[in-house]
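A short worksheet on the structure shown next.
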Amino acid sequence: MTGNGKRGGVLAGVRVLDFGRYIAGPYCAALLGDMGADVIRIEKREGSEDRFVQPIVPDAGAGEGGEGAMFLQMNRNKRGLTLAPMTETGRGIVKRLVATADVVVANLPPSTLTAMGLDYESLVAAKPDIILTTVSAFGHGGPYSERTGFDGVAQSMVGAAYLTGTPDEPVKSYAPWVDFGTASLTAFGTMAALMERAKTGRGQIVEGALLSTAMAYFNFHLIEQELRQNNRQAIGNRSPYAGPADIVRTKDGWILVQAIGAPLFKRWARLMGEDHWLTDPRFKDDLARGEHGEILSKRTSQWSATRTTEDALAELEKARIPAGAVNTPQQALDDPHIAAMGYLTRMEFPGLPGPAPIMETPVRLSATPGILSSRAPLLGEHTDSILNELGYSANEIDGFRAEGII
């Protein structure tokens, strides 16, 4: 096993090859890198498409600020290697890389894995105890296995988009929770596979899929549907299970208020001056309050409309009712609690107008925390040093570059 030599960590000495693209694969590898693994991102010579999504400096090139916001987050703590893996020479380099690795992360269809020599059988031939972490849209074995798909497709297929928004317009979440959930679950699975290998010496396949993540996160709604057959419809920001639970306007913005359970409803009713609603049969329990949530939302709106966001939140907090401001992205960046918690590490990157605020590993370990130690790599930034580690000479590396392999 080979480490990057920069720092320790739970996974120091573990090498991860990241063939991932966009979020699900790369963020899985990034989390492993946060924990100390030596992660090598392999991409096309001209730069993979996900390098330029949401560019910071539009029309700029690689290394000139043209890298996208997503790339900067997904690829911290990685070294960068460019490679044409479909060529005969490229496959030879992949094989030599795999022989030094512990984990291969790839969110690619099965046929593409085989063509690149990244199917499990090929990997095991190069490294018998290798762990292959795959991420696909729909998993392997069903009629959709070879289809492509993104986060929003999975949100839509499980019913999440249908129950978000209104009956006239289903809405997917702006935040790609399926992608990030899949990345987190596959990182969890990869860590479990590494623990198993430490005990038995055997590698295995870790399989994540966008659809399976979406099914897991939306499962209890599907349980209710199958067992109650109640065919719920979207009701905007209200909750069908409790109330009041809604986004309401203040004098200078918006807040979200959530009261779930009898104790919270009692505190809300007293804050609103509606103590008599505590004996109103329309609000007898959470389900009843959800069914009559429009009344509760209207009353909360009347209350909040006469207060600033700051004042409304202060009164709700004094009553111990969960609530929060509906922030703009800039307001989130300026939030004093986010600053005090130190969630964002500002990292320089060539060509950017300033340092990029990269979110830390979103789970903290007291003794062995994840660390953001290096920015995302420039295109091919570490190609020569990685190939040199594999035993290739300077002349061979120059030949690969002349041949268009790197």
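I'd like to know if the stretch 120-130 contains one or more residues that are surrounded by fewer than 20 Cβ atoms within 10 Å (Cβ to Cβ) and under 22 Å from ALA183 (Cβ atoms).
Yes: one or more hits.
Mind telling me which of the residues ILE386, ILE358, ILE397 ends up being farther than 20 Å from GLU88 by Cα, assigned by TED's automatic domain parsing to the domain that holds THR100 and either without any contact (Cβ under 8 Å) to a residue 40 or more places away in the chain or in contact with a helix residue (DSSP H, G or I) (Cβ under 9 Å, 6 or more places away or on another chain) (or both)?
Every option except ILE358 fails the conditions.
Quick check on my filter: what residues within the stretch 87-103 are buried (at least 18 other Cβ atoms within 10 Å of the Cβ) and under 23 Å from GLU207 (Cβ atoms)?
Hits for the stretch 87-103 are VAL94, LEU97, VAL98, ALA101, ASP102, VAL103.
GLU64 versus (1) in contact with a helix residue (DSSP H, G or I) (Cβ under 9 Å, 6 or more places away or on another chain); (2) in contact (Cβ under 8 Å) with a residue 24 or more places away in the chain: which is the lone unmet condition?
That leaves (1) as the condition not met.
Working carefully through the options ALA154, ALA161, ALA106, ALA84, find the one that is touching a strand residue (DSSP E or B) at 6+ places or on another chain (Cβ under 8 Å), surrounded by 15 or more Cβ atoms within 10 Å (Cβ to Cβ) and either under 15 Å from GLY20 (Cβ atoms) or touching a residue at least 60 places away in the same chain (Cβ under 8 Å) (or both).
Answer to the check: ALA106.
Pick from the stretch 267-302 the residues that are more than 19 Å from SER239 (Cα to Cα) and in contact (Cβ under 8 Å) with a residue 40 or more places away in the chain: which of them is surrounded by the most Cβ atoms within 10 Å (Cβ to Cβ)?
So, considering only residues that are more than 19 Å from SER239 (Cα to Cα) and in contact (Cβ under 8 Å) with a residue 40 or more places away in the chain, the one surrounded by the most Cβ atoms within 10 Å (Cβ to Cβ) is LEU271.
Does the stretch 51-70 hold any residues that are under 25 Å from LEU390 (Cβ atoms) and crowded, with 20+ Cβ neighbours inside 10 Å, and which are they?
If the condition is that a residue be under 25 Å from LEU390 (Cβ atoms) and crowded, with 20+ Cβ neighbours inside 10 Å, then ARG51 is the only one that fits.
The values are calculated or read from the model by the stated rules, or taken from the named source; none is laboratory data. Keep in mind the model is a prediction, meaning the values are calculated, not measured. Glycine also receives a Cβ, built like all others from the backbone with ideal geometry; neighbour counts cover every protein chain displayed.
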